[in-house]
Amino acid sequence: MDKKINAKLKENNYKLTEQREAVLEVMMDNRGKHLSAEEVLQEARRKLPNIGMATVYRTLEKLASMNILYKTMFEGGKFRYELSDDESHRHHHIVCLKCGKIYEVEEDLLNGLEKKLENRGFEIVDHELKFYGYCPECRNSSTK
Ligand SMILES: [Zn+2]
Ligand SMILES: [Zn+2]
Ligand SMILES: [Zn+2]
């Protein structure tokens, strides 16, 4: 188990039951991927066939509230979860409209904008931004 994750679990007094551990393991096995609760359930059932949706969902929410996972809203208001990379600010995403793959966006130009808003008296806590388009693979495979 990851040291940082362990520390966060301890800090929050969150005991890993067999079921919670299965959920966390699925997320660690899928580092860098963005999974819906249904996908996590499917994977977790390979380890624990009896695990239920409510448990998976509750565990994901709890892990997200501890910042062990990031939770982002994607297509149709559906949430997806990914393992946190422990930055102070979560990264942004670009979603391919054809294959549905989600890519990370490392660049962030919004910090300058946040400064401007703060100059106008706002206190900015976070921002969210999503790009939609077609990924290089889909663009190459489509015959134009
Ligand atoms: Zn694509
Ligand atoms: Zn991501
Ligand atoms: Zn940003």
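The values are calculated or read from the model by the stated rules, or taken from the named source; none is laboratory data. All of these numbers come straight from a predicted model, not from anything done at the bench. So basically every Cβ, Gly included, is an ideal-geometry build from the backbone, and we count neighbours across all protein chains shown. Side chains are part of the model used for accessible areas, which takes the heavy atoms of the whole protein and leaves out ligands, DNA and RNA. Shrake-Rupley method; radii C 1.70, N 1.55, O 1.52, S 1.80 Å.
Is it true that some residue in the range 120-130 is of a type outside the set (Asp, Glu), at pLDDT below 90, open to solvent by less than 40 Å² (accessible area, probe 1.4 Å) and in a loop (DSSP other than H, G, I, E, B)?
yes
If only one of Gly133, Gly77 is in the same structural domain as Asn12 (by TED's automatic domain parsing), over 22 Å from Gln19 (Cα atoms) and either out of contact with any Pro (no Cβ under 6 Å at 6 or more places or on another chain) or open to solvent by less than 40 Å² (accessible area, probe 1.4 Å) (or both), which one is it?
Gly77
Looking at the range 45-65, is at least one residue open to solvent by 70 Å² or more (accessible area, probe 1.4 Å), acidic (Asp, Glu) and within 23 Å of Val95 (Cα to Cα)?
No.
Is there a residue in the range 91-113 that is closer than 30 Å to Pro136 by Cβ, open to solvent by 70 Å² or more (accessible area, probe 1.4 Å) and of a type in the set (Asp, Glu)?
Looking through the range 91-113, at least one residue is closer than 30 Å to Pro136 by Cβ, open to solvent by 70 Å² or more (accessible area, probe 1.4 Å) and of a type in the set (Asp, Glu).
Does Glu38 fit the bill of being modelled with pLDDT of 90 or more, in contact with a helix residue (DSSP H, G or I) (Cβ under 9 Å, 6 or more places away or on another chain) and over 22 Å from Ile5 (Cα atoms)?
Taking the combined requirement at face value, the residue satisfies it.
Looking at the range 38-57, is at least one residue among the basic types (Lys, Arg), over 15 Å from the mean Cα position of the chain (by Cα) and closer than 12 Å to Leu24 by Cα?
Yes, that holds for at least one residue.
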